[in-house]
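Encoded as structure tokens, the structure appears first; notes follow it.
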Amino acid sequence: MDDLQLLREMRSDIGSAPPATLARGRTKLMTRINSASTSGASTDTQGKGSVSPIRFRRRTLLASAAAALLVGGIVVADVVRPMGPGATAEAAEVLNNAAAATIQTADPVVNAGHYLKIQSTNLWGSAAVDENGKEYQWLDTEKQTMYVPANRDDEWVWERSGRIPTTFFDEASKQYVDRIQAGGPEAYVLRGANGAFYGPGSESTFPSSSYLDSLSRDPRALLDDIYQKTSGKGQSVDGEALVFIADLLRTGVVPGDLRAALYKAAALIPGVTVTDEQATLDGRKGIAIGRVENSSHFRQDIIIDPRNGLPLGERQVLTEPRGTMPVGTATSWTTVETTVADTAP
Amino acid sequence: MLREPFCGQRAIHSVSTDNEIIRRSRDSPEVFGELYDRHASVIYRYAARRAGDFAADDVTSETFLVAWEQLETYDLDREDARPWLFGIATNLLRRHHRAEAKVLKAAVKAASRESVADDSDRIAARVDAVVATGRIARTLKLMAAIDRETLLLYAWADLTYEGIAQAMDVPVGTVRSRLNRARRTLRTELRLEILDETENDHGRLAAAPRNA
């Protein structure tokens, strides 16, 4: 018997997982990942087979940023580049004004040993199917604070409140959540050098300064680049381009000149309008510009503080009812605020 | 993102490859459960072998949650998601290094107890197996974590060199050198290397272990 055979026999008496353990794990997993932003699966099935649900993109700030980074290397030759009139005149004015204001707003400067502190409040839709096939929907809120050290190779700290169920549209869903999440979520803290919260290999999950530097500050070139980076994703090239811009802005690390270029690029996207002049997000007021995605019935908004051009956050709003959620429900939103901290917890 | 007509359908029982499941779950989260159904039990067993049931419970559910959070980073050209999942599980198992050390320590202890107790009247094969296990456990315990992870992904998770390279995000050459190093240490500890040589030279077995 050789060394490998001996090793293979070691602890080979350990049996498979008890079915009950696996079943419990599955329920837990599915509860946490099912999101109303794609729960269209149930509502869209009836008679609308050709309609894709909204793609699921809300998981965490990081995952999304990682996705944005990962598609960066893909170059597709035959990208359709809409050269239409772009946003409405009104939206273009809002965006161009915001660009002018934001470039004058000083970015936080992180000195050696200090941290960029990115506080966000995130709302996500959740959905679950119980053992009888009945579907429930609700909205969860999670507060997060990420501490990014001046030297990215140092340890990052990410405080998360866990997803707290906050909004219900029917009593059945509330009862379901009370039943399966009796104790509520637990807050937890993740740590990792270079943002590798999940171990080696998970480092590059947040836009690095070199990535941010690599993006063009020329609005047209930037938008063309975004079309290329998002090629093949989303329901439409224009919709996905705006989603990309919203995703990048909500990381909270975009420098002023790039923010300005992103706003101006958004002004070039056909279908972008002012969607809400008095938008309120998590108690903060701003102007929302956005674009309706007809094929999947949601609207992507970016909410901007007109006083300084800073992005307050972004949201996705239903343009037709979904399950128990009425038209106008924001099935996901994120607000973000970036400051500097001397220390991390 | 994707425009497949089946996005909204519940029929997810067709035979699909892992990458197909992952591609579809990006649009329809409920499909992701299929990946769990496929692989949760092997992840669990692997984790249980390394660090016991309690750790396995945690590592299994966390592995799939992390996989879900990193779904968009999955390389859709890869049909088999096991290397990816084992890679995540390997990282998560590091949180349970104390439990793993305990498991290995228990195996070492069991071996020394057995070899003393049955010294006079032993059932040779069984005792030797236990003794060998004790030596392996001790070697694993002393080995660099990264070598141990590589070795166990090979021997217990049945990943190929390429699979381990994907799981640990290192070149295949690195996997090969880590495996060589780990196996050399293991063989030295088991004295199998010496055995192999003496067997050829002398046509008989060297000392321990007898069941070699």
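In table form, for the structure just shown:
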{"item": "Selection count, the stretch B:136-161, where residues are in contact (Cβ under 8 Å) with a residue 60 or more places away in the chain and part of a helix (DSSP H, G or I)", "result": "2"}
{"item": "Test: residue in the stretch A:327-340 that is touching a helix residue (DSSP H, G or I) at 6+ places or on another chain (Cβ under 6 Å) and closer than 24 Å to residue A:97 by Cβ", "result": "no"}
{"item": "The one condition in (1) under 23 Å from residue A:226 (Cβ atoms); (2) modelled with pLDDT of 90 or more that residue A:326 fails to fulfil", "result": "(1)"}
{"item": "Residue among B:74, B:44 that is modelled with pLDDT of 85 or more and either facing chain A (nearest Cβ under 9 Å) or buried (at least 20 other Cβ atoms within 10 Å of the Cβ) (or both)", "result": "B:44"}
{"item": "Residue within the stretch A:281-288 that is closer than 20 Å to residue A:96 by Cα and part of a helix (DSSP H, G or I) present", "result": "no"}
{"item": "Criterion violated by residue A:131 - all others in (1) outside any helix (DSSP H, G or I); (2) modelled with pLDDT of 90 or more; (3) surrounded by fewer than 16 Cβ atoms within 10 Å (Cβ to Cβ) satisfied", "result": "(2)"}
{"item": "Inter-residue pairs, beta-carbon under 6 Å, first over 13 Å from residue A:138 (Cα atoms) and in the stretch A:157-182, second among the polar types (S, T, N, Q) and in a strand (DSSP E or B), 6+ apart", "result": "A:159/A:145; A:160/A:144"}
{"item": "Search result, residues across the stretch A:10-22 that are more than 7 Å from chain B (Cβ to nearest Cβ) and charged (D, E, K, R)", "result": "A:13"}
{"item": "Failed condition for residue A:288, given (1) farther than 26 Å from residue A:142 by Cα; (2) buried (at least 24 other Cβ atoms within 10 Å of the Cβ); (3) not β-branched (Val, Ile, Thr)", "result": "(1)"}
{"item": "Residue match in the stretch A:316-330 (condition: part of a strand (DSSP E or B), in contact (Cβ under 8 Å) with a residue 60 or more places away in the chain and under 29 Å from residue A:214 (Cα atoms))", "result": "yes"}
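The values are calculated or read from the model by the stated rules, or taken from the named source; none is laboratory data. This one's a predicted model, so the numbers in the text were calculated from it and none came from an experiment. Positions of Cβ are backbone-derived with ideal geometry, glycine not excepted, and every protein chain shown enters the neighbour counts.
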